[in-house]
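No lab work stands behind these numbers, since they all come straight from the coordinates. Keep in mind that this is a model prediction, so the values were computed, not measured. Backbone-built Cβ (ideal geometry, glycine too); neighbour counts: all protein chains shown.
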Amino acid sequence: MSNEPEVIIDKRDGLGLITLNRPKAINALNHPMALAITDALRAWAEDDEVRTVVVTGAGERGLCAGGDIVAIHADARTGTAGADSPTGVFWRDEYVLNALIGRYPKPYVAIMDGIVMGGGVGLSGHGSHRVVTERSKIGMPEVGIGFVPDVGGTYLLSRAPGEIGTHVALTTARMGAGDAIAAGFADYYVPSEHIPALLETLRTETAEVAIAKFATEAPESELLAQRDWIDACYGADTVAEIVTRLQASDAPEAAKAVADLLAKSPVALKVTLRSLRAARDLPSLEAVLDEEYRVSIASLRSHDLVEGIRAQVIDKDRNPQWRPATLAEVTDAQVAAYFAELGDKELGLAASEAQQ
């Protein structure tokens, strides 16, 4: 059993250094880690000794594979878990952290090397300086476990060019470096061999100057090159119509996309599309996080979240039995229930921001 902390917080040479330190779990984020990061960021915001914040992940596999979904599964299995459950409280604190990152007053450099999924996007995608490498694999895989993109993911996805974000969300497509920059999830491309030198240079230079020394032209975005069929198919108002358009498309990539989509939770697909369309019209990251929190708490009580985690992570049979089993069986009322207000359990970030 390692005695090392799960997140290493360090301050030196003008840098606030945050290292996610669960390499065997690809640095999956849990509640104590989220609280430790929040405390550090709040302290450093007023600390003149900290010029720049840098976030990295231990090991070679990635920055962060997402949240600790085994713990979420244990909570969700009760069927009664809500905003006051361990997972509900974790998500509340995690989303507060996401909002803090989005408005952080100092340069926030996220090294998005390797796998960056779900909660990892929440830790990096709202930062001011987001660095990807040739090893980056970035995505929001939530619908594959009967969940819905959160941690501000629908904010980023809904603001990607055209319907790229809709495609990524509904199929759980992975983005490489070029795609991530094109979609607005990242800013700079630095080959992984130069990351150590970049981190060293950040000790003596500003974020802009240090990154400029190592950033090179990113690979071309495959998703941008496919925007014609992506926009034509995913611009529909319903998931059923998206499926129809994908099936009718001449693009060879559309056939894979529709197969990927139809393997996902039907109710999660419909809720996700509504979340994306709503996020596109909401004015701020805080407002989007408020709505995502409602959806997440509703998901925590759903059959499909428990079943999706069981099939993908617990039993690993990769054969989830979704309920309802088809898109046609998912009613408008079932979708609307995910967006019900939470009364005194609301996240309330947008209201807090307005008062400041």
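So what is the calculated 222 nm ellipticity per residue for the chain, using -39500 (n - 2.57) for each DSSP H run with n of 4 or more, over all residues, to the nearest 500 deg cm²/dmol?
Details: 18 runs with 166 residues, N = 356.
Estimated from H runs of four or more residues: -13500 deg cm²/dmol.
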Calculate how large, on average over all directions, the projected area of the Cα convex hull of the stretch 1-121 is; give the answer in nm² to one decimal. 8.0 nm²
I'd like the distance separating the alpha-carbon centroids of the stretch 277-356 and the stretch 211-226, in whole Å. 32 Å
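So if each residue of separation counts as 0.36 nm, and I subtract the Cα-Cα distance between residue 317 and residue 11, what length gain in nm does that give? Display every interim value, and only then the final one.
Working: separation 306, 0.36 × 306 = 110.16 nm, distance 4.41 nm.
Value of the extension gain: 105.8 nm.
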Could you work out the local net charge near residue 59, counting Lys and Arg as +1, Asp and Glu as -1, over the other residues with Cβ closer than 9 Å to its Cβ? +2
FRET efficiency estimate (nearest 0.05) - Cβ-Cβ, residue 231 to residue 42, R0 51 angstrom: 0.80
Burial order of peptide ranges 175-181, 266-272, 253-259 (average beta-carbon count within 10 Å, highest first): 266-272, 175-181, 253-259
Label model pair residue 71, residue 331: point-to-point distance (7 angstrom along the Cα→beta-carbon line) in nm is 3.6 nm
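How do 89-95, 48-54, 107-113 rank on mean C-beta neighbours within 10 Å, highest first?
In decreasing order of mean packing, 89-95, 48-54, 107-113 become 107-113, 89-95, 48-54.
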Entries of 137/316; 106/213; 24/137; 11/137; 24/316; 11/106 with Cα pairs more than 25 Å apart: 11/137
Per the charge dipole of the stretch 7-347 (beta-carbon charges, Lys/Arg positive, Asp/Glu negative, Cα centre), the residue among 306, 279, 144 reaching farthest to the positive end is 306
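What FRET efficiency comes out for the pair residue 303/residue 341, r = Cβ-Cβ distance, R0 = 25 Å, nearest 0.05?
0.65
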When the dipole is taken about the Cα centre of the stretch 7-347, and only Lys, Arg (+1) and Asp, Glu (-1) are charged at their Cβ, what size is it in debye, to the nearest 20? 580 debye
Summed over the other residues with a beta carbon less than 15 angstrom from that of residue 257, with K and R at +1 and D and E at -1, the charge totals -4
